[in-house]
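S.K.: The structure under discussion is supplied below as structure tokens; questions concerning it will follow.
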Amino acid sequence: MARLREALTRRLEGPGFWRALATAFGLGAIAALALPPVHAVPVLLVSLPGLFIMTMEAPTARRAALVAFAWGWGFHIAGLHWLTNAILTEVERYWWLVPLAVPGLALPLAGFTLVPALAARWAAPGWPRILAFSAAFVAAEMLRGILFTGFPWNLIGTVWAFGALPIQAAAWIGVHGLSLATLLMALAPLMGWRGAAGSLAAVMLFAAFGVARLLPQEPDPEPVALVLVQGNVAQEAKWREESRIPIFQRYIDLTAAGVQAAQRDAPGSRILVIWPETASPYLLANDPAAARLATAPLPPGATLLAGSVRAEFAPDGRPTRVWNSLVALDAQGTVLDAYDKAHLVPFGEYTPLRGLLPIRLVISALDFTPGPGLRRISLPGLPSFGGLICYEVIFPGAVTPAERPGFLVNVTNDAWFGVSAGPHQHLATARLRAVEEGLPLARAAQTGISAVFDARGREVERMGLAETGVVLAPLPAAGSRTPFAAVGLYIPFTLLALVAIAAGLGSRRRAGRG
């Protein structure tokens, strides 16, 4: 660490400051290797201390801010590079956005890295500064999940979501608590061998907690057979007129095959079929004939949850409002209920400041209308569930309605992002929500990754990217309400406050000694 500190400090002074910015950018990009799907967590032992050293040793606050911004820019460009795939689905229209979109999105996100870089400089060197930096870093992550409709993507705590064992502490402290622990463990070696030993002891403690929480036997699953249908429809083909019937037929055929397999493997179980976000090219809630065709393969008592656009029409037949919905249908094609997506994606589902911006990326002529919010849905013969459409699942502490459901259903269309890191990162956030809430989660994705997690985040079944087929799994039983589910973001917020207070007390003691 001493050599790393010396090498980085030399770059902060003199006319060659651009080298420091390039180094910080590279350190941020390296940190992205810890994210899904690579999960190279040890790189944080270099990247995060490098950011800390460069921002704390910078001769001025201005240079510290520039270094922090460069690190954040590198981190978010590398972590979100896959977003370019969404532009390539209509490259003939938006080719000019290819070199601009990801760097442009990363610019405001990089600004959040300024918070720890500047806030921690007031603390005394040593442990107080490490504590202040770590608390401020996670506070900035929490702010990123709230401001401008929120974008809590690629939080540092998600680096551990490669398995169930490393993330069990999220049931108590949430992903933000995992982020805080990760920052402290990565920076502790800067304090010498005692810090390194403490970091290793913390890793072992988290592992022991994970083992203890996973040891109890899983309760018997619900008498429900899940059939997750992954149609593997490319985004560029999805809304073509000539593709509508073949796509619809593909989902119907896959449903029929999945239902037959479920009846064979789980006789007597209630069958729940789940189609991904906007899987149906027809408006199932508005088109009774299409609804009957979609549910034709279902046996009596079975239910279909289908991602479908839902619309409201004017007397002349023109749509006046549209919703991104999860529609529940019985075996006769009758609409039982519908959940409308409440947290819409800016530019993808609606255009912010519509009429003032020179571009419009939303495909349809109408912006989607947000739904009223999360709610528990109860259907005959099934445990109650909460619906989450697409990136609604990425918001910690905001995925369950006030009335706790028996399980969570996440439907998504990750076809926008091709075979890339994006679907893996999305899946990791869904897994964390299962652990935080103590609820099983069924995830149906258009092109993958579709999966079922139990209430402790263990993977029951999955289907990989760019595969066509069905995922068959029993519905795991709900777990008891976790501390995080009961209290939510107040827990990590309290942890941040305690760490910040400790940093302040440590600084005062050192100032008193001086």
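The values are calculated or read from the model by the stated rules, or taken from the named source; none is laboratory data. All values reported here derive from a predicted model rather than from experimental measurement. In this analysis, Cβ positions are derived from the backbone assuming ideal geometry, glycine residues included, and neighbour counts consider all displayed protein chains. Side chains included, ligands, DNA and RNA excluded: accessible areas come from the protein's heavy atoms. Shrake-Rupley method; radii C 1.70, N 1.55, O 1.52, S 1.80 Å.
S.K.: Of the residues that sit in region 343-354 and are in contact with a helix residue (DSSP H, G or I) (Cβ under 7 Å, 6 or more places away or on another chain) and buried (at least 16 other Cβ atoms within 10 Å of the Cβ), which one is nearest to V393 (Cα to Cα)? Full working, then the answer.
M.R.: So the first thing to find is which residues in region 343-354 are in contact with a helix residue (DSSP H, G or I) (Cβ under 7 Å, 6 or more places away or on another chain), and the list is 343, 345-346.
In the following step, the residues that additionally are buried (at least 16 other Cβ atoms within 10 Å of the Cβ) were identified as 343, 345.
On the way: H343: 10, V345: 12 Å.
It comes out as H343.
S.K.: Go through region 146-167 and count every residue that is farther than 18 Å from Y490 by Cα, surrounded by fewer than 22 Cβ atoms within 10 Å (Cβ to Cβ) and not small (G, A, S). Walk me through it before giving the result.
M.R.: Quick first cut of region 146-167, residues farther than 18 Å from Y490 by Cα only: 148-149, 151, 153-154, 156, 158-167.
With surrounded by fewer than 22 Cβ atoms within 10 Å (Cβ to Cβ) added as a condition, the list becomes 148-149, 151, 153, 162-166.
Going one step further and asking which of them are not small (G, A, S), we end up with 148-149, 151, 153, 162, 165-166.
Residues that pass the stated criteria total 7.
S.K.: Name the single residue that is nearest to the chain's Cα centre (by Cα) among those in region 250-301 being more than 21 Å from L382 (Cα to Cα) and among the small types (G, A, S).
M.R.: A279
S.K.: Still on this model: Please state which one of R462, R433 is in contact with a strand residue (DSSP E or B) (Cβ under 7 Å, 6 or more places away or on another chain) and surrounded by fewer than 21 Cβ atoms within 10 Å (Cβ to Cβ). Before you say what the answer is, go through the steps one by one.
M.R.: Numbers: R433 fails: surrounded by fewer than 21 Cβ atoms within 10 Å (Cβ to Cβ).
Testing whether each residue is in contact with a strand residue (DSSP E or B) (Cβ under 7 Å, 6 or more places away or on another chain) and surrounded by fewer than 21 Cβ atoms within 10 Å (Cβ to Cβ) leaves just R462.
S.K.: With the structure loaded, tell me whether G381 is part of a strand (DSSP E or B), over 15 Å from the mean Cα position of the chain (by Cα) and either crowded, with 22+ Cβ neighbours inside 10 Å or not hydroxyl-bearing (S, T, Y) (or both) or whether it fails that test. If you could, list the steps in order and put the result at the bottom.
M.R.: Details: part of a strand (DSSP E or B): no; over 15 Å from the mean Cα position of the chain (by Cα): yes; either crowded, with 22+ Cβ neighbours inside 10 Å or not hydroxyl-bearing (S, T, Y) (or both): yes.
Against the criterion (part of a strand (DSSP E or B), over 15 Å from the mean Cα position of the chain (by Cα) and either crowded, with 22+ Cβ neighbours inside 10 Å or not hydroxyl-bearing (S, T, Y) (or both)), G381 does not qualify.
S.K.: What number goes with the only condition from (1) out of contact with any Ser or Thr (no Cβ under 8 Å at 6 or more places or on another chain); (2) within 23 Å of V224 (Cβ to Cβ) that V471 does not pass?
M.R.: (1)
S.K.: Something else: Among the residues of region 331-342, how many are surrounded by fewer than 19 Cβ atoms within 10 Å (Cβ to Cβ) and part of a strand (DSSP E or B)?
M.R.: Going through region 331-342 one residue at a time, the tally reaches 3.
S.K.: Check region 309-319 and report whether any residue there is within 15 Å of R250 (Cα to Cα), outside any loop (DSSP other than H, G, I, E, B) and touching a strand residue (DSSP E or B) at 6+ places or on another chain (Cβ under 9 Å). Before the answer, list the steps.
M.R.: Residues of region 309-319 that are within 15 Å of R250 (Cα to Cα), as a first pass: none.
Checked against the condition, which is being within 15 Å of R250 (Cα to Cα), outside any loop (DSSP other than H, G, I, E, B) and touching a strand residue (DSSP E or B) at 6+ places or on another chain (Cβ under 9 Å), region 309-319 yields no hits at all.
S.K.: Out of S480, S450, I need the residue that is out of contact with any strand residue (DSSP E or B) (no Cβ under 8 Å at 6 or more places or on another chain), hydroxyl-bearing (S, T, Y) and at negative phi. Which one?
M.R.: On the way: S450 fails: out of contact with any strand residue (DSSP E or B) (no Cβ under 8 Å at 6 or more places or on another chain).
From the options S480, S450, the qualifying one is S480.
S.K.: Go through (1) open to solvent by 20 Å² or more (accessible area, probe 1.4 Å); (2) at pLDDT 90 or above; (3) in contact with a Ser or Thr (Cβ under 6 Å, 6 or more places away or on another chain) and name the single condition G386 misses.
M.R.: Unmet for G386, out of (1) open to solvent by 20 Å² or more (accessible area, probe 1.4 Å); (2) at pLDDT 90 or above; (3) in contact with a Ser or Thr (Cβ under 6 Å, 6 or more places away or on another chain): (1).
S.K.: What's the number of the condition I449 fails, among (1) crowded, with 22+ Cβ neighbours inside 10 Å; (2) of a type in the set (A, V, I, L, M); (3) within 24 Å of I377 (Cα to Cα)?
M.R.: (3)
S.K.: Residues to consider are G469, G506, G479, G457; find the one that is among the small types (G, A, S) and at pLDDT below 95. Please lay out each step first, then the result.
M.R.: Values: G469 fails: at pLDDT below 95; G479 fails: at pLDDT below 95; G457 fails: at pLDDT below 95.
Of G469, G506, G479, G457, the one residue that is among the small types (G, A, S) and at pLDDT below 95 is G506.
S.K.: Evaluate region 413-422: report whether one residue or more is at pLDDT 95 or above, buried (at least 24 other Cβ atoms within 10 Å of the Cβ) and not aliphatic (A, V, I, L, M).
M.R.: Within region 413-422, not a single residue is at pLDDT 95 or above, buried (at least 24 other Cβ atoms within 10 Å of the Cβ) and not aliphatic (A, V, I, L, M).
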